[in-house]
Amino acid sequence: MSLKLPVMMVTATLVAGLYVTQSDQPFSSRLHSSAVGQEGGALRTAQIASEEGEDIRHLEDAARNIRALQEGSGKTERLAQPSRIVPFQLSQVDYPDMPPEGTGNETGAEQQPPQVDESALRYFAAQGDQERLAAEIARLRQLYPDWTPPEDPLAVPQNADRQLESMWQLYAEGRYPEVRKAIVERQAAEPAWQPPADLLDRLGIAEARSRLVNASNLKQYQTVIEVGASNPALLNCTEVDVLWRVAEAFANTERPQRAVDAYSYILANCTDPGERAATVQKAAGTLPYGQVQPLLALEKSTADGGREFDAIRDDLARRFVSEANEEPALEIAPEYVERLRDLAAGRGTAADAVLLGWYHLRRDNAGEAETWFRRAKEREDSAEASQGLALVLLEGGKPAEAEAVLHRWRESSEDTMATYLAATANLLAADPPPTIEDEVLTRMAQAVIARRYAPSAQQFGWYARAFDQPETAAQWFETALQWAPEDEPSAYGLALTRQQLNDRAGFAEIQQAWAERSARIADLAATPSSSARVGDGAAPAPAQVANAPAAVRAARNGVPESRNVVAQSKTMTARSARTSSCTSRVDISRLSPGAALARGWCLMELNRPLEAADSFGVAILSNNRTVSEDAAYGQSLAYLRLGLTDRAAVAATRAPMAAARAREPQASILADRAIQAFQSERFREALLYLDQRMQVQQEPVDLMVLRGYSYMNLNRPYDALRIFEAAAATGSRDASRGLADAKEAVGLN
Amino acid sequence: MTVSKLMAIVAVLSMLVSASPAASQQGSLRSALWETYKERFLDRSGRIVDNGNGGISHSEGQGYGLLLAFLADRPADFEQIWTFTNTELMIRSDGLAAWKWDPKAEPRVTDLNNASDGDLLISYALAMAGSAWDREDYLRSAAAIARAILDNLVVERGGRVLLLPAAKGFDAGERPDGPVINPSYWVYEAFPIMEILAPSDRWTQLQEDGLALLQMMEFGPRELPAEWVSLARQPKPAEGFPAEYGYNALRIPLYLVRAPSDIGKLAQQLQKNATLDNGNGAIFDLTTGDPKEPLGNSGYRFINHILACVEDGTSVPVAERDLTSELYYPATLHLLGLAYVVEKHPSCL
């Protein structure tokens, strides 16, 4: 029989008295140099080799010194010259000047002819353990190419040595500590007895394997690599699981090329079809797409003319497309997308169609994305498919449809809820304000209230104003402010609405609270109270303001009753005839700075910050300092609302702002930067911004939570604990969760 | 090894040797005692079972097991315990031992952090066994662990050389009151051996600073050390731990008497402070000085017999010469104490 097993030891080397032959597959050499260090591996290895030679001398001295210490006599010959140098295996395996592959270096050939130890063979044969027997024959052939296995291994006589027999028994049962114990015991009893080299060798390998597996299970990747490096016998086709673990260790210690080498080794040398396919799947799960491709090139043809990985190709297509979905910049071969498309169109599952939907959505191909998300929903409606479709619809400016698609899935996950809430805000903010059915308004309000989602609460306010329901609008703005106390647009909306309602006390209250922080709220004081800037010319809406539906009241959590009134629009059929002074198209560059400024504020009221920023940009050029300053302030607010923090910072510096007024955008900018720094895991920086922000404005609860988690991430759980305790006292749920995390981190839970 | 490195070792060794070393001797633990201990706490996989602690194992227990097997002169048992320790606990990438192993969990190691006393005991026992039995592999492992301890756990903070209780979680910067130490982790008898294995003058400083610190830890009316002590400023009981003279701390006097230098006086004083009027020991609340739990177990009591023997030559009562403790921890202390008397004060038996 010609069982061809790959041999992987690089150079002939002495391993526990056995010699192994040179290989044409030097995986272990690469492993060794990388275990030592990626660059300058050969040089460093040489250094380590010599250091370890010294270590041996050091150890011998140490033993002598310890004995001397025990004797306590003080007259010892501690430092006799070292007499022999026992080389470390590691220092021998990776020669600095290793000849190129294939030249053949038969070092070690001068070693004494091998004594092939067949005791394991006999043991497994006697046990009838065919599998282990075959593995042992393969192993011995690998070690001793000239060795011929017995013709009928099962006929090999049993070991006569009973004690040795029981050691093999323990070994076969994986009871290695007991084997070790038995060996030492017997050596004590029979000083002349030597354990078979084969037993020691196998024991060493088995122990190294357990240690490697233990380390791998606990993600101690450096240990995995070191154990692998010093046990070349573990790195061959009979140990594919070990090779997988070594590959994983490399991939997780930023040495993906080494991982590729390990997987390649298996695919180039090992024959078990299941293990080969699993190798490709492991690699696809561990390595980035680009590094899996060369491995696929090692695919072999099957006897029936197919390719050996055909059975897993669908799975690979799914993995790769999924990876491309996580990483929109990644370009994968069209064949995988096509394969998935064929699957999704044919026998594939709804999940395949969803994957394809995301693939196209992330690549700005909304049309295709819509097709596949819809296909998925037809096949099996799901939260993910609905969320994907809703995103497509939102992107296409169809928030009403998005809301309709997603509402019944909104509670499925944080993601679906986030998309749903975005749909509500977009729907309410649509211009002109759409007519929305009662049922839809009610369920949107339920979600917004349950999640205390301030942006949509604010939009509910503007929406109610558009339909001339100022009482409802005021309640929504108040609610929004309760959830997001720093939300200036809500405060502004509330001020406007109270003014409209002639609620002088209420108006004064909000004006007083915000005048310092918001110029436009401060400016409202000067405006006659009868003026209603938004809703000017709106037809008196026939809509009746009703109490919140019972369902909403039930959904409400911790919101005071009076805040809980929802825009009710049973008869809200009349379209708003709202026309504002700023909605007509004009060439803003022709406007006077004063007019541009007014238009900017007007557009901000309509929550059209992009156009507002342009108008403010014209007004900034004014020679009138007040106008210019006001415009700079307006523009920075507009950019902030657009989420363009950096531009807001620039705008804020374009005209000198009064100190009080400068504070608000500055605080928002710093908050935004802190959040961005946090999201990019630059926690120190996040703290820096938060500290700067604190100089300008008191820290709101949500930023305290951010601060807390920054401390947590910087391993400062006690600081986090302090902050979370303070923040949790306000009743914030996030802060309470943070507090629990911090307590756990310091061991208080 | 460089010449200067060698010279340093020579210098240190001469000093140690002339200071009447107290390193342990194999054979100082009677065979019958070790057999009883094994029967109760060593399972066949080579792990020492902490039966007072839910049957888990830990690096400390493996270290004690190795040391006791060495003291009993039992190379085969030592080999068995080490094989388990090496494959199951020596998996950290920094060369220290993972401290906690639970047979009911998967993976078995349930806390990857190390415990410095466990590392010290393992390295120490390996070094003693390796030199006694000519096992170069033991010496090599001992040296690697000693090096890892020196590199990761022996640190200089505030002008003192300290032994951090673990690689993670106790240093300055990791806790507001850090660095926090555990004085019962300082296995004084191991330090001279560590110095041979991983030469550095920090070991001597570690011993000196440890003893100096111990004398500063006179907390509460009983003037006893706390188990966990913050060294952020003046030593004080660390936050988040009970301020008590607890079970961990009970072994401090034992470590002191087993230590190489003559610091028996410190042990005497400490044990006196930790003893009630009726002569019994206890776990103490440091704030009030009141006993929290009486200590009935003979293993905890044994230190008193050692001190009486050292001070007045009093014989160890015959009943206390057998291993009566059924629990892992007091049994371990008991045997370490007995081995010490056999080795250093055989006249008390």
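Read the figures in this text as sums done on the coordinates, not as results from a lab. Small disclaimer: the values here were computed from a predicted structure and weren't measured. Quick reminder, even Gly has a Cβ in these numbers, built from the backbone with ideal geometry, and neighbours come from all protein chains shown.
Provide the three semi-axes, in whole Å and in decreasing order, of the ellipsoid equivalent to the stretch A:201-308 as defined by the square roots of 5 times the Cα gyration tensor eigenvalues.
Square roots of five times the eigenvalues give 25, 17, 10 Å.
According to a simple spin-label model (label point 7 Å from Cα along Cα-to-Cβ), what is the distance in nm between B:Glu136 and A:Leu296?
5.1
Between A:Val440 and A:Glu335, how many nm apart are label points set 7 Å from Cα along the C-beta direction?
Result for the modelled spin labels: 4.7 nm.
Distance cut-off 27 Å, Cα to Cα: go down the list A:Lys743/B:Lys236; A:Lys282/B:Lys100; B:Lys292/B:Lys344; B:Lys236/B:Lys265; A:Lys219/B:Lys100; B:Lys38/B:Lys168 and report the pairs above it.
A:Lys282/B:Lys100; B:Lys292/B:Lys344; B:Lys38/B:Lys168
Please give the length that would be gained between A:Ala126 and A:Arg737 if that part of the chain were fully extended, namely 0.36 nm times their separation in residues minus their C-alpha to C-alpha distance (nm, one decimal).
Extra length from A:Ala126 to A:Arg737 when fully extended: 213.8 nm.
Counting only other chains, and only Cβ atoms inside 10 Å, what mean value do you get across the residues of B:126-139?
The mean count of partner-chain Cβ atoms within 10 Å per residue comes to 4.
Just to be sure I understand the model, the point goes 7 Å from the Cα along the line to the Cβ. What's the resulting A:Asn715 to A:Ala515 distance in nm?
So the two model labels end up 5.2 nm from each other.
Could you give the length gained on full extension between A:Gln257 and A:Ala726, defined as 0.36 nm per residue of separation minus the Cα-Cα distance, in nm?
164.0 nm
Suppose R0 equals 60 Å. What FRET efficiency, 1/(1 + (r/R0)^6) with r the Cβ-Cβ distance, do A:Thr271 and A:Leu642 give to the nearest 0.05?
0.50
Counting only DSSP beta bridges with both residues in chain B, tell me the antiparallel percent, nearest 5.
That works out to approximately 95 percent antiparallel.
Report the full-extension gain for the segment A:Gln679 to A:Ala278: residue separation times 0.36 nm, less the Cα-Cα distance, to one decimal in nm.
140.8 nm
Mind checking the dipole of the stretch A:201-308: about its Cα centre, +1 per Lys or Arg Cβ, -1 per Asp or Glu Cβ, Debye to the nearest 20?
Once rounded to the nearest 20, the dipole reads 200 debye.
Could you tell me the distance between the Cα centroids of the stretch A:266-287 and the stretch A:426-494, to the nearest Å?
About 56 Å separates the Cα centre of the stretch A:266-287 from the one of the stretch A:426-494.
For the ranges A:462-472, A:135-145, what's the packing order if you count other beta-carbon atoms within 10 Å of each residue, average per peptide, and put the highest first?
A:462-472, A:135-145
A:Arg313 label point, 7 Å along Cα→Cβ, cut-off 15 Å on backbone N: hits in the stretch A:336-358?
A:336-344
By per-residue mean of other Cβ atoms within 10 Å, what is the highest-first order of A:387-396, A:724-733?
Highest to lowest by the protection proxy: A:387-396, A:724-733.
Could you give the dipole magnitude of chain B about its Cα centre, charging the beta-carbon of Lys and Arg +1 and that of Asp and Glu -1, in debye to the nearest 20?
It works out to roughly 260 debye.
Grab the beta carbon distance between A:Arg67 and B:Arg40, set R0 = 41 Å, and tell me the FRET efficiency rounded to 0.05.
So, using R0 = 41 Å, E works out to roughly 0.85.
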